[in-house]
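Working notes for the structure below.
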Amino acid sequence: MSPASIYYLPENHYIVVNGLREPFKRIMRAITSEKPLGALDKLRLARDLIQLFKSVQSLPEPAVLNTRTREAHILIGIRDEFFKRSRLPFIEKELRSFVNFIIIIIDTDFYRPFISWWVIALRGSDWPPLGPMQPDPHYWDESQKI
């Protein structure tokens with residue numbers, strides 16, 4: 001484990017808490033609410049989604065040298081491999097922001113053991129393998145070696 005994460009520096013930690021965690025909690029509460037969302041609720045949800053993605057993009061991108069946990073380092077390697085192979089330019093920025101959000105949360109939050117439990121459970125499951133032509137070769141470069 002690296003000694004420190006840049007996401008604990010005061011200027012970054014403020015963004016992690018107020019720009020990532022809090023909007024994420026509000027988003028999850030809104031989409032899991034049993035009551036229907038009104039027009040104002042939908043506007044707030046859109047605002048929180050925009051805030052979350054803009055906050056992720058305002059932070060330094062997670063790298064092995066600026067994160068502290070082994071789980072984050074593994075995900076960084078997987079992220080980099082994925083984006084070497086991916087041919088999805090129309091949503092690459094959004095996908096990368098989503099993956100970076102997960103890495104930052106895992107590097108800084110108490111959710112890490114819960115997410116790790118899911119990963120371990122998936123490893124032991126009979127998750128089906130990819131079928132033929134998956135991922136679609138139009139959007140995936142298989143010539144890149146792992």
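The values are calculated or read from the model by the stated rules, or taken from the named source; none is laboratory data. The model shown is predicted, which means the values in this text are computed figures rather than measured ones. So basically every Cβ, Gly included, is an ideal-geometry build from the backbone, and we count neighbours across all protein chains shown.
Determine, yes or no, whether Val64 is of a type outside the set (Gly, Ala, Ser), in contact with a His (Cβ under 6 Å, 6 or more places away or on another chain) and closer than 30 Å to Ser143 by Cβ.
Yes; evaluated as a whole, the condition is true for this residue.
Tell me which of these Ser125 doesn't satisfy, since it passes every other one: (1) more than 25 Å from Leu9 (Cβ to Cβ); (2) in a helix (DSSP H, G or I); (3) modelled with pLDDT of 95 or more.
Looking at each condition in turn, Ser125 falls short on (2).
If you scan the stretch 82-104, which residues turn out to be of a type in the set (Asp, Glu) and either closer than 22 Å to Asn18 by Cα or buried (at least 18 other Cβ atoms within 10 Å of the Cβ) (or both)? If you could, list the steps in order and put the result at the bottom.
Within the stretch 82-104, the first condition is being of a type in the set (Asp, Glu), and the residues that meet it are 92, 94.
If the condition is that a residue be of a type in the set (Asp, Glu) and either closer than 22 Å to Asn18 by Cα or buried (at least 18 other Cβ atoms within 10 Å of the Cβ) (or both), then Glu94 is the only one that fits.
Here are some conditions: (1) surrounded by 15 or more Cβ atoms within 10 Å (Cβ to Cβ); (2) of a type in the set (Val, Ile, Thr); (3) over 16 Å from Ile104 (Cβ atoms). Ile31 meets all but one. Which one does it not meet?
It fails just one condition, (1).
Output the residue which, of all residues in the stretch 60-81 that are part of a helix (DSSP H, G or I) and of a type in the set (A, V, I, L, M), is surrounded by the most Cβ atoms within 10 Å (Cβ to Cβ). Don't jump to the end; show me each part of the working.
As a first pass, look at the stretch 60-81 and keep what is part of a helix (DSSP H, G or I): 64-66, 70-81.
Add one more test, that the residue is of a type in the set (A, V, I, L, M), and what stays is 64-65, 72, 74-76, 78.
Details: Val64: 13, Leu65: 9, Ala72: 26, Ile74: 14, Leu75: 21, Ile76: 21, Ile78: 12.
Residue satisfying both the conditions and the ranking: Ala72.
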